[in-house]
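Structure first, then comments.
The values are calculated or read from the model by the stated rules, or taken from the named source; none is laboratory data. Predicted, not measured: the structure shown is a model, and the values here were computed from it. All Cβ positions, even for glycine, are placed from backbone atoms using ideal geometry, and neighbour counts span all protein chains on display.
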Amino acid sequence: MAAVLAVAEARNGELRKVAFEAVAAARQAADASGGGEVHAMLFGAPGISARAEALGRFGADVVSVVEHEALGRYSPEVFAATVAERLRASDYRAAFFAASAEGRDLAPRVAAKLGASLASDVTDFQLQGDAVIARHPAYTGKVIVTLRLMGSPALLSLRPGSITPSEQPRTARVETMAPAMDPAAARVTVTELSAQISTRLDLGEASIIVSGGRGLRTAENFKLVEDLAAAIGNAAVGATRAVTDDGWRPATDQIGQTGRLVSPDLYIAVGISGAVQHLAGMRNAKTIVAINKDKDAPIFKIADYGIVGDLFEIVPRLTEEIRKVRQNQ
Amino acid sequence: MKIAVCIKRVPDMEMRFSLASDRKSLDPAGLKFEMGDFDGYALEVGLQLIEKQGGEVVLLSIGPDGVQETLRKGLAMGAGRAVQLKTEDVPFDGLAIARALAAELKTGGYDLILFGRVATDTANGTVGPMTAELLDLPCVTSISELDIADGRGTARRELEGGAETMQFSLPAVLTIDEGIARPRLASLKGIMAAKKKPLEVKPAQLGEPRLVVESMTLPPDRPPGRIVGEGADAVPELLRLLKTEAKVL
């Protein structure tokens, strides 16, 4: 029976949430194809093997640990060569990666090495005969494409948060695997890994996003947005392109066609008129709230709930009321 | 420096899409096309490099004759010549596209091969790193800063909650994120000059795709929202709705 592979992502010696999502997806695929084994791969500096057992909780039967001094940071060539070697060594039905910064870089390299099919940024999948069927949002989320992946292994990178990992405890066999190439021979090396503001929630992982636009008038006024996000507690802060272009916020905060595409449970748009370029990035949020002074602003056409008026009065009041709610919870 | 920039002609994302009768593609009626957003950044990076260090930018695009319009736009911005790899249908499979590009690029003697981070239509972001693998070249994806000197490069790429600085040797493949350089507008002089620049047409050697579109669907329109009220007095009602109706707080 064919096994399913999952590449478990770690950073700074810790497993990332997407590692469990990849393993859980592999478990689902293995169970759907008759209960084959799930093999996870974990790269890291010496000591990373201590994290291997945790992958068993989400359904990994085997964890292959690739420990090396040089692999505490991502090494595109070494990771790709080693994953490809593993996939060649046995009969794998599918392999799952995270559609994270690392997985989006790694998965296409492995697919090209193997001549395998790859579906990227997948939100849902199923096994169908010899093929894998995957759903993938394209055209800035305006079209959902159902893709057929032919041949084995089929490679999939999963959009973070699209799978809720459920615990399926088993005792994973932990084995070690040598890198398929000498890390010293890599032509690309990470020379620095900087954590920007590690306490800040990433836009792709946040279930609530508070986002600000030009209506805030100055960079300093973004504090209103940050205060609201802080009052909510588990919210990330985003911005429109106009705001990041003006340097009020870093470019990485931009939500829109040329920035991040997000789909949180709740999206609060503060002083955002709703340019098409911005809507492309957040139209798939479950619930959208808009606060804007112009009742004809396009943002109100896609918002579930809107308040028309002066954000400098509305947002502080909202922050205050949410603080009260949170205190009573 | 000899730099190749691979660009894609994509539909204008601001339009309202409808599906063709096969439910596997967009209805082409009324579609307007443009250069992919990130491909514009990649081209600007290439042009700035040759302005500083000398050399030539060559454009590549795969597709039907309509891509010539996109290639001419890139020539008007300052690229020296262009190659169309001709096919009537551009596959969804990034590896099929990468094969056709690699076949053309392998004998080109390029120092750098640049791509946009992702095509805004298919949203795969795979062709750059796949092409690098097929050509056995070092590759850094999704970069937001770049420095090239003495046959080596340094690039920065953004991660979730962090950033990586990577060093690489040339020749190399890079995919370009937003924020690195705003694409220039073509001047009238550039537009006139572009008409006379060489644009070569060759067949695209795509091979058999293993990733195919089964069907497409359009997500349902959002139900019309409502204005809860005006001013700060509407805040308690908004909170009530978020808690009891939307159940998101």
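Here are a few things to note about the model shown:
- Among the strands (runs of 3 or more DSSP E) confined to region A:85-169, the ones with at least 2 residues that are within 7 Å of chain B (Cβ to nearest Cβ) are located at A:118-122, A:131-138, A:143-149.
- Filter pass, B:Ser144 being among the hydroxyl-bearing types (Ser, Thr, Tyr), within 28 Å of B:Arg99 (Cβ to Cβ) and surrounded by fewer than 21 Cβ atoms within 10 Å (Cβ to Cβ): no
- Matching residues, region A:165-191, being outside the structural domain of A:Ala84 (by TED's automatic domain parsing) and in contact with a Lys or Arg (Cβ under 6 Å, 6 or more places away or on another chain): A:Val190
- Taking region A:150-181 as the range and being at pLDDT 90 or above and of a type in the set (Gly, Ala, Ser) as the test, the residues that pass are A:Gly151, A:Ser152, A:Ala154, A:Ser157, A:Ala172, A:Ala178, A:Ala180.
- Selected residue (only one of B:Glu145, B:Glu88 is assigned to a loop (DSSP other than H, G, I, E, B) and more than 7 Å from every other protein chain (Cβ to nearest Cβ)): B:Glu88
- Here region B:17-40 is the region considered, the condition is being in a helix (DSSP H, G or I) and farther than 18 Å from B:Gly190 by Cα, and the residue that is farthest from the other protein chains (Cβ to nearest Cβ) is B:Asp39.
- Among the residues of region B:178-215, those that are of a type in the set (Gly, Ala, Ser) and either buried (at least 20 other Cβ atoms within 10 Å of the Cβ) or assigned to a loop (DSSP other than H, G, I, E, B) (or both) comprise B:Gly179, B:Ala181, B:Ala186, B:Ser187, B:Ala194, B:Ala204, B:Gly207.
- Test: residue in region B:188-211 that is acidic (Asp, Glu), touching a residue at least 60 places away in the same chain (Cβ under 8 Å), touching a Lys or Arg at 6+ places or on another chain (Cβ under 6 Å) and closer than 30 Å to A:Leu155 by Cα: no
- The residues in region A:1-41 that are assigned to a strand (DSSP E or B), under 18 Å from the mean Cα position of the chain (by Cα) and crowded, with 24+ Cβ neighbours inside 10 Å can be counted, and the count is 3.
- Within the option set B:Ser25, B:Ser21, being surrounded by fewer than 24 Cβ atoms within 10 Å (Cβ to Cβ) and out of contact with any strand residue (DSSP E or B) (no Cβ under 8 Å at 6 or more places or on another chain) holds for one residue only, B:Ser21.
- Restricting attention to region A:66-110, the residues being of a type in the set (Phe, Trp, Tyr) and in contact with a Pro (Cβ under 6 Å, 6 or more places away or on another chain) number 1.
- Options B:Thr165, B:Thr154, B:Thr175; residue that is facing chain A (nearest Cβ under 7 Å) and either more than 26 Å from A:Lys113 (Cα to Cα) or in a strand (DSSP E or B) (or both): B:Thr165
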